[in-house]
Amino acid sequence: MDFKDTPAQATWRQEVREFLRTERPKVSTDEMNMEGGGMRGAAGMAWMKEWREKLAKKGWIAAAWPKEYGGAGLGVMEQFVMNEEFAEARAMNVGGMGTSMIGPTLIVHGTEEQKKEHLSRILRGEVQWCQGYSEPGSGSDLASLQTRAVRDGDDFVINGQKIWTSGAHTADWMFMLARTDPDAPKHRGITYFLLNMKDPGVSVRPLINLSGGHMFNEVFFEDVRVPIRNVVGEINRGWYIGTTTLDFERSSIGNAVGQRQTLEYYLRYIKEHRDDGTVSHSPTVKTEFADRWIEAAAAKMLSYRVITIQAEGRVPNHEASIAKLYNSELGQRIARSAMKAIGTYGLLTDREVAPMRGRAPATYMGSVSSTIAGGTSEVQRNIVATRGLGLPRA
Ligand SMILES: Cc1cc2nc3c(=O)[nH]c(=O)nc-3n(C[C@H](O)[C@H](O)[C@H](O)COP(=O)(O)OP(=O)(O)OC[C@H]3O[C@@H](n4cnc5c(N)ncnc54)[C@H](O)[C@@H]3O)c2cc1C
């Protein structure tokens, strides 16, 4: 395989790199998270606003969207090059679920009215979205979901519960699935809704994660009225909209580049602190880091494979599962190796006293969920086994 850019790709890469070099806010997202109270603090919001405006001018907030909807109409490879350069520069994508999930879905399946109401507001950063899919008992087996939507005149009335809803506590809108025909086969009686989180009957309860952070929530619906104009696609056909390729970026290249950068950070720390007693000199740690380095290079190759398939106009299937599986498990292995390197210092989480300002234990705890979110490792392995290797279903 030839890894070199074509002349056109090289020119494009140069343009993106130059833009990032001159325009990217000088404070990195890492520094903002460590020092500035996170992206939701005052400094973080100002940072975000400045960055968003610069990206919006170029149509790069949702670069894969068609130009008529405010995107840059990028092709698969151009988008990939851009994502790779953004990841290398640790430059943040600002759109969240609005640009990566619901926006592309509305472009394909939404009515003109829905596109008009939501797309430009997503690009201007005026609204935050959350994803209401999982329910207690319906995660991997999502099609078994029980939240009910019953037609009443021009509205649907929704009752039920979602769980693990990331960002529901700050979201203005939710794209969600609810059961509209309980008698139909389970994939057939589901409808896709846009739901205003401020509507009466919606309540959000925080779920605090292992590292003490508040990211996801439970969301309850009690007689919430959603107008029929907020149904996306056909009633009872929501499953097929929910499983549309929601994400234009499926290669995991951001993760693959990020893993290598995280490794570089740990390696720098270990070298700089070799004599202060905070890092282990054991051969086990050294060989582990050598393994992680090789694995990070392999992760990048898996991402290249996915993007090559996309660039040929095919849809990556088990190949995307392999990349997701490998990247998320690699993230956990890197975090474990870092914890081994600093030994019992890994118990310190107070930034003022901990080595690396507590980054190793924070990443270690944070990485646990990566093999659950977005489809568990077991589910990815099932896909690889059945669709990739042709093994029979259990
Ligand atoms: C950080 C994070 C953020 C999330 N954000 C959102 C969000 O914004 N919106 C949203 O809707 N959901 C979100 N989720 C939920 C996520 O999609 C589910 O947790 C995930 O799909 C797994 O479902 P579950 O938790 O119900 O586990 P289950 O499906 O109950 O699985 C339990 C265990 O059984 C295994 N298992 C299940 N089925 C099989 C099978 N067929 N073969 C082999 N093993 C199996 C699983 O691998 C797992 O180990 C988030 C989850 C996390 C961790």
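The values are calculated or read from the model by the stated rules, or taken from the named source; none is laboratory data. All values derive from a computational prediction rather than experimental measurement. Neighbour counts run over all protein chains shown; Cβ positions are idealised from the backbone, glycine included. We work out accessible area using only protein heavy atoms, side chains counted, and drop any ligands, DNA or RNA first. Shrake-Rupley method; radii C 1.70, N 1.55, O 1.52, S 1.80 Å.
A few notes on this one:
- Centre separation in Å (Cα based) which lies between the range 81-158 and the range 1-22: 30
- Fully extending the segment from ASP154 to GLU112 would add 13.3 nm, taking 0.36 nm per residue of separation and subtracting the current Cα-Cα distance.
- Taking label points 7 Å from Cα along the Cα-to-Cβ direction, ARG333 and LYS58 give a separation of 3.4 nm.
- Magnitude of the charge dipole for the range 142-258, about its Cα centre and with charges confined to Cβ atoms of Lys, Arg (+1) and Asp, Glu (-1), is about 220 debye.
- Local charge for THR165 was computed over the other residues whose Cβ lies under 14 Å away, with Lys and Arg +1 and Asp and Glu -1, and equals -1.
- Only helices enter this figure: runs of n ≥ 4 DSSP H residues, each worth -39500 (n - 2.57), summed and divided by the residues of the chain, yield -13500 deg cm²/dmol at 222 nm to the nearest 500.
- Each of MET301, GLY95, GLY70 was scored by the projection of its Cα onto the charge dipole of the chain, and the greatest displacement toward the positive side belongs to MET301; charges sit on the C-beta of Lys, Arg, Asp and Glu.
- Test item: Cα-centred dipole of the chain, Lys/Arg +1 and Asp/Glu -1 on Cβ, debye: 480
- Solvent-accessible area of the chain (1.4 angstrom probe, protein heavy atoms only): carbon and sulfur portion equals 54 percent.
- Computed about its Cα centre, the charge dipole of the range 256-394 is approximately 280 debye, with only Lys, Arg, Asp and Glu carrying charge at their Cβ.
- Positive end of the dipole of the range 42-199 (Cβ unit charges, origin at the Cα centre): among GLY110, GLN131, SER120, the Cα lying farthest that way belongs to SER120.
- Note on surface exposure: LEU348, LEU267, LEU210 rank LEU210, LEU348, LEU267 by accessible area, highest first, 1.4 Å probe.
- Average accessible area per residue (Å²) across the chain - probe 1.4 Å, nucleic acids and ligands excluded: 50
- Peptide ranges 281-293, 313-325 listed from the most packed, as the mean C-beta count within 10 angstrom indicates: 313-325, 281-293
- Cβ-Cβ FRET estimate between ARG268 and GLU234, R0 fixed at 45 Å, reported to 0.05: 0.25
- Taking all protein chains as shown and a probe of 1.4 angstrom, MET339 keeps an accessible surface of around 40 Å².
- Dipole axis of the range 264-394 (+1 Lys, Arg; -1 Asp, Glu on Cβ), positive-most option in PHE289, ILE383, SER370: ILE383
- Lysines with Cα under 18 Å of LYS54, excluding same-chain neighbours fewer than 8 positions away: LYS26, LYS67
- For the range 193-286, the list of GluC sites (Glu not before Pro) that fall in a loop by DSSP and count at most 13 other C-beta atoms within 10 angstrom reads GLU234.
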